[in-house]
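The values are calculated or read from the model by the stated rules, or taken from the named source; none is laboratory data. Because the structure is a prediction, the values reported are computed rather than measured. Glycine also receives a Cβ, built like all others from the backbone with ideal geometry; neighbour counts cover every protein chain displayed. These accessible areas exclude ligands, DNA and RNA; they are computed on the full protein's heavy atoms, side chains included. Shrake-Rupley method; radii C 1.70, N 1.55, O 1.52, S 1.80 Å.
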Amino acid sequence: IWYLGHLAREIKDRTASSDENKRTVEVESYRIDTAVGHNDHLTAVATVRFHAVTRGDRVIRFSLLPSLRVARVSSSSREIAFVQEDRKEDSSFYVVMPAPMEPGAAYAVTIEYHGDRVLRNEGGGNFAVGARESWYPNVNAFRDHAHYDLIFRVPKQYTLVGVGKLEKRWMEEGYACSQWVSPAPLAVAGFNYGDFKERDVQDAQLDFTIEGYAA
């Protein structure tokens, strides 16, 4: 009732705006540890840090591909409730916080998930993630800008290219691993991997290095 009355006043006073901030939370960072199997099956653990924008809300809506299924959600090492309908029905994914959130307060949730149909085979030994905004549990896609700390494990014959700065590469039990950290906030994060050849080009005048990867 309050909302309808508020909306009616906005329409009458011509103050309604599509730019109104309707977010319940604002994301600060994502830390995602992702493994891609030889059958392109993706398994990941994402820790999302955010602060509340509004008072009293408990439910947070995440964008996540319907083919990706959530196994567990936790906060401060305690399991918390979530809602995810069947992928053929309403596939939206919601996390239910244990208590109403307070504006400005900081929170973190860890989401474990897995699934298929995330990667596209582009040919020539090149694989790409198509849904940059929903291969991981994303809040306010393209509206919030957040820091990303991304760890990837892919079959050892491939090279992965992520967003941000490459921190390190290593091998682990038959997987090629790499960590990518964004020095500045980003809207979304994607990645490619494949049988790439790498070449660096140095611009001496600008003291800038360009890394190129080609299949």
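At the residue level, ARG58 shows approximately 100 square angstrom of accessible surface with a 1.4 angstrom probe and all protein chains present. In this Cβ point-charge picture (+1 for Lys and Arg, -1 for Asp and Glu), region 63-215 has a dipole of about 220 debye about its Cα centre. Measuring r between the beta carbons of GLN202 and VAL83 and using R0 = 45 Å, the FRET efficiency lands at 0.30.
Spin-label pair ARG143-ARG58: with each label point 7 Å from Cα along the Cα-Cβ axis, the two points sit 2.3 nm from one another.
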